[in-house]
Amino acid sequence: MNTLNTTVTGEVQMPEENAVPVQEGRPAETVIEEGKTVGRPFADDAKFKLRNVEVFYGQERAIKNISLDVARNEVIAFIGPSGCGKSTFLRCLNRMNDSIDICRVKGSLRLDDQDIYDPKRDVVELRARVGMVFQKPNPFPKSIYDNVAYGPRIHGLANRKADLDEIVENSLRKAGLWNEAKDRLDATATGMSGGQQQRLCIARAIAVSPEVVLMDEPCSALDPIATAKVEELIAELSESYTIVIVTHSMQQAARVSHRTAYFHLGHLVEVNETNKVFTSPEHELTESYITGRFG
Amino acid sequence: MTDQRSQAELVRQSLKRRYRKERRFRAYGITAIAIALAALVILFADIIGKGSTGFLKTTLTLNVQLDGQMMYLDDATDERQLKMADFVEPLIQALIREIPSVTESDRSAVRGLINPYASVTLRDALKANPEWLNTTRTMTFLAHSNVDVYVKHAGNEAYSIKLSEQQRSWVDQLQEKGVIETSFNDVFFQNGDSRDPSKAGILGAVVGSLLTMFVTLILSFPIGVAAAIYLEEFAPHNKLTDFIEVNINNLAAVPSIIFGLLGLAVFINLFGMPRSVPVVGGLVLTLMTLPTIIISSRAAIKSVPPSIREAAEGIGASKMQVVLHHVLPLAMPGMLTGSIIGMAQALGETAPLLLIGMVAFIVDVPDGFFDSATVLPVQVFLWSGSPELAFIERASAAIMVLLAFLMSMNALAIWMRKRLERRW
C-alpha cells in the first residue's frame, strides 16, 4: 500500500495510529496529540457545540476525539489533505452519515444545545434546519421551479401558490440565479451549466430557510468564473446563515471564511482566525500543508 | 538512437498484430450476428410460408332456391320446424345446377364439397329473414375443408388431398366459373376452436390470453414493484434478506412447468378453484413472472444515482418521500420495461398452463375470468399436434398472431422507456 512513498526516500514507512507518515521536508518526529487542538477551537456564541466526537467506519476510526464550536453566523472552513475526515465530520452535523450502515458516531454533538444524535430526535426536522450543498451539483431531474419549491412543499412552508412563488423567487435571488432563471423556471434543471446547477442547489437548500448551510467542496466541479460567483454568494449568505464549508482550495478558504480548521488523519490539528492560519500557523503540520509541502 | 528505432520497430510489429486481432474479433462478431439473423429469417420464412394460407378461406357462392317443399318447411319463424327442416338439400341442388356433368347419383360426392356447417349458416339466415322462404338467394358458404386444402395446396406433396378425381375436376370447373373463391379468412378471427379446420379460429384463445395476462399484470406488477422497493430501500441488510434475495434469484431459474405443478397442487387441489380458467392461469403466470419483475425493478432502483437520494435527504425529505418523489419516477422506465418483458414471457408460456387444464378443447369464447379458456401458445400446441393437415396452417397463422402480440409488447416497452426517459 505504501510502496509509492518508499521510492523517494528509500525507506519503508508504515503509517500507524497517531503517527503521521514521514514525508520529505518535514521532521519525522511530528506527532499529533490526540484530542489536542491548537488555536481557538471554541466560541462564546456557539451554534454547534461538538465535544469529543469520534466516528467509526466499522473498526476504522475516521474521526479521532475532535472538539469544536461553530459560532452563530460565521463561515468556518474545513481544510486538510484528502481522507483526513473533514467531509465525514461535516456530514455528522446533519446526520447524513445515518444512511451508511457501518458508520457510528460517538461523543456529544449539540445544535443550539440540543443533542443532534438523540435517538428521539427527528432527522427530517434537523435537516430542515441544517441544509446541505454537495460536491457535485445534484439538481433533481425536474424543472428549476420544482427544484427550489421541493423543500418548502414537503415541509408545508407555503400553502398558497403565491407564497410558494415568492419563496422560489427569493431563494433564486439570494442564490444570484434569478436573472438567469426567471424566464425559464419550467425548463429542466439538468439543462443548466454546472455553475448554475450548483447555485440552484444552494437556492434549493436555502429555500427551506435553514439556520446552517453545510457545503461539501461546493466548487470542486466548477470552473473559476462559476467558483467566483459561488464564493460571492457565500459571502452574502454569511450575513444570515451559519456556513460550514469543506474545501480543497486554500485560496477559497482564505477568501470566504472567518475561521479555518485544519484536519489531519482524523485529528483536528488547528483552528484559528482564517488570516492567522494562513499567515502565522501555530502548528507545524498546518504550516507544511498551507505552504504546499504535502497534501 | 538505434535503441529507439528498434523500439519503434517493435511497436510497429505489435501494432500489426493488434490490428489483426481486432479484425479477427470483428469478423467473429459479424459471423455470430449473421448466423442469428439467418436463423431468424429461416424461422420467419417457414412460419409465414406455412401460415399465410391460414389467413385465407375458401368459399362457395351459390344461388340457393329456398323451396319450402324441398326443405319440409312452411313457416321459417317456427322453432320446431326449423329444427326438423332439411337445409342441406337446397345447397346440394344449387351446386348440382352449377356443375353440368353431375347427375343425381353423384349426390354424396357433391355433398363432400360443402362444409358441414354451411347448413347451419343457411338456417340462421332464414331464421333472421323468414320472408326469404320460397325465393332464390345468392349466398356465400364455406367450402368443405378438403376443398379448402385442395384449392390452396394442390400439387403440394406435404398435403394429402382427400378428394376423388371426379370431385377435383368439379372444383376446377367451379373455380373457373367463380363459384369457388378464396378470400380473407375472417372466420379465423371470429371463432373459437373447432373440430373442423375451416371453422377453427383464434378468438377464444386471444380472449383467453388477454384475460390471463390481465390477471397476471394486476397481480405481478404491484407485488413485484412493492417487493423490490422494500428489499432495496427499507429492508435491513441481514442474513434473512440475503436468504430472500438468493431465493428470488433461484425462483427466476425454476423451470416454468414446476410453477404449473404448484398451481395445480395449491390453487386447484387445495383452494378448490376451477380448472382451465384464466384466473388460475394468471395466478400461475404471476408466480412465474414475479422474480423477473422483482429483479429488474431492483436493478432499476439501484441505478438511480445516489446523488439524487442525498439531495432529497439533505433537504429533509423522509425515507418515504425520497422513494416516492425521486427514486420511483427515475426507476419507473426500467421497472416498466422489465415488467413488459416479463409479461411477454408469460404470454408465450405454455408448459405451466397445460398442468392446470388450459389445454382442454374449448369451442366457446370465454366470457369471464372464471370461464373455461385456452391461450394462444396452447392453441398452437393443440393444432400442431392435430392429425388434420389443414390445422397445420392454422397453427402457423396463430404463431404469426402470437408473434405480432409479442413484437408489439416489446415495441411498447421500448417506446415507454424512450418516452419516460425524455421527461428527465
Open item on the list: Taking beta carbons within 10 Å but only from partner chains, what does the mean come to for residues B:318-324?
Closed with: 2
Open item on the list: Taking the number of other C-beta atoms within 10 Å as the exposure measure, put B:17, A:51, B:394 in order starting with the fewest.
Closed with: B:17, A:51, B:394
Task: Crossing angle, helix B:2-51 versus chain B [Cα axis fit, 0-90 degrees, rounded to tens] - done: 20 degrees
Task: Highest-MSF residue in chain B out of B:196, B:124, B:364 [GNM, Cα springs under 10 Å] - done: B:124
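Could you check how many percent of all C-alpha pairs in chain A are farther apart than 26 Å? Numbers along the way, then the final one.
Numbers: 20411 of 43365 pairs.
Beyond 26 Å sits 47 percent of the P(r) for chain A.
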- [ ] Give the long-range amide H neighbours of residue A:261: residues separated by 5 or more places, or on another chain, with amide H under 5 Å away, using H modelled in the peptide plane at 1.01 Å from N.
- [x] A:77, A:78, A:79
- [ ] Determine the distance separating the Cα centre of region B:302-328 from the Cα centre of region B:66-101; give it in Å without decimals.
- [x] 77 Å
- [ ] Quote the charge dipole size of the protein assembly as shown about the Cα centre in Debye, to the nearest 20; the model charges only the Cβ of Lys and Arg (+1) and of Asp and Glu (-1).
- [x] 1420 debye
TODO: Rank B:414, B:294, B:315 by mean-square fluctuation in a GNM of chain B with C-alpha springs under 10 angstrom and give only the top-ranked residue.
DONE: B:315
Task: For region B:55-193, the fraction of alpha-carbon pairs in successive 10 Å shells from zero, as % - done: 11, 41, 33, 13, 2
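For the protein assembly as shown, what is the convex hull volume of the alpha-carbon atoms per residue, in Å³? Write down the numbers at each step before the final one.
Details: hull volume 205.0 nm³, N = 719.
Spelled out: Cα convex hull of the protein assembly as shown, divided by residues, is 285 Å³.
Wrap a convex hull around the Cα atoms of chain B, take a quarter of its surface area, and give that in square nanometres.
Values: hull surface 143.7 nm².
Hull-based average projected area comes out at 35.9 nm².
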- [ ] Name the most mobile residue of B:353, B:15, B:163, meaning the one with the largest mean-square fluctuation, in a Gaussian network model of chain B with Cα contacts below 10 Å.
- [x] B:15
Task: Charge dipole magnitude, Cβ of K and R +1, D and E -1 - region B:203-423, Cα centre, debye nearest 20 - done: 560 debye
TODO: Check cross-link reach from residue B:57 to the lysines: straight Cα distance under 17 Å, and skip same-chain residues fewer than eight apart.
DONE: B:152, B:199
Open item on the list: Quick check: the angle from helix A:161-174's long axis to the longest principal axis of chain A, C-alpha only, nearest 10 degrees?
Closed with: 40 degrees
Open item on the list: Need the list of aspartates and glutamates near residue B:16 for cross-linking: C-alpha distance under 14 angstrom, and skip anything on the same chain fewer than eight residues off.
Closed with: none
- [ ] Using the charge dipole of region B:55-193 (Lys, Arg: +1 at Cβ; Asp, Glu: -1 at Cβ; taken about the Cα centre), state which of B:68, B:144, B:102 has its Cα farthest towards the positive end.
- [x] B:144
Task: Footprinting exposure proxy for B:105, B:169, B:276, A:67 (fewest neighbouring C-beta atoms within 10 Å first) - done: B:105, B:169, A:67, B:276
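For the peptides A:228-239, B:402-413, what is the packing order when you average, over each peptide's residues, the other Cβ atoms within 10 Å and list the highest mean first?
Final packing ranking: A:228-239, B:402-413.
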Task: DSSP-assigned coil residues among GluC sites (Glu not before Pro) in region B:64-106, each with at most 16 further Cβ atoms within 10 Å - done: none
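Work out the mean other chain Cβ neighbour count within 10 Å for the residues of A:150-163 and drop it here as an integer.
Values: counts 7, 5, 1, 2, 8, 3, 0, 0, 0, 0, 0, 0, 0, 0.
Mean shielding count: 2.
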- [ ] Any chance you could give the angle, 0 to 90 degrees and rounded to 10, that helix B:278-302 forms with the longest Cα principal axis of chain B?
- [x] 30 degrees
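Once Rh for region B:236-395 is found with the Kirkwood sum over Cα pairs, what is the Stokes-Einstein diffusion coefficient at 4 °C and 1.567 mPa s, in µm²/s?
Values: Rh = 18.4 Å.
Approximately 71 µm²/s, per Stokes-Einstein.
Give the average, rounded to an integer, of partner chain Cβ atoms located within 10 angstrom of each Cβ in A:129-141.
On the way: counts 1, 2, 3, 6, 2, 4, 2, 4, 2, 9, 3, 9, 8.
Per residue, the average neighbour count from other chains is 4.
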Task: Amide H partners (placed H, <5 Å) of residue A:133, local residues excluded - done: A:214, A:215, A:216
TODO: For residue A:86, go through the lysines and keep the ones whose alpha-carbon is under 30 Å away, minus same-chain ones fewer than eight residues off.
DONE: A:36, A:47, A:49, A:64, A:106, A:120, A:136, A:174, A:229, A:276, B:302, B:319
Open item on the list: Can you give me the C-alpha center-to-center distance between region B:378-424 and region A:201-256, rounded to a whole angstrom?
Closed with: 58 Å
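Test of understanding: ordering A:193, B:101, A:257, B:194 by Cβ neighbours within 10 Å, fewest first, what list do you get?
On the way: A:193 13, B:101 9, A:257 26, B:194 18.
Lowest count first: B:101, A:193, B:194, A:257.
Since every read-out is calculated from the coordinates, none of them should be taken as a lab result. No experiment lies behind these values; they were computed from the predicted model shown. In this analysis, Cβ positions are derived from the backbone assuming ideal geometry, glycine residues included, and neighbour counts consider all displayed protein chains.
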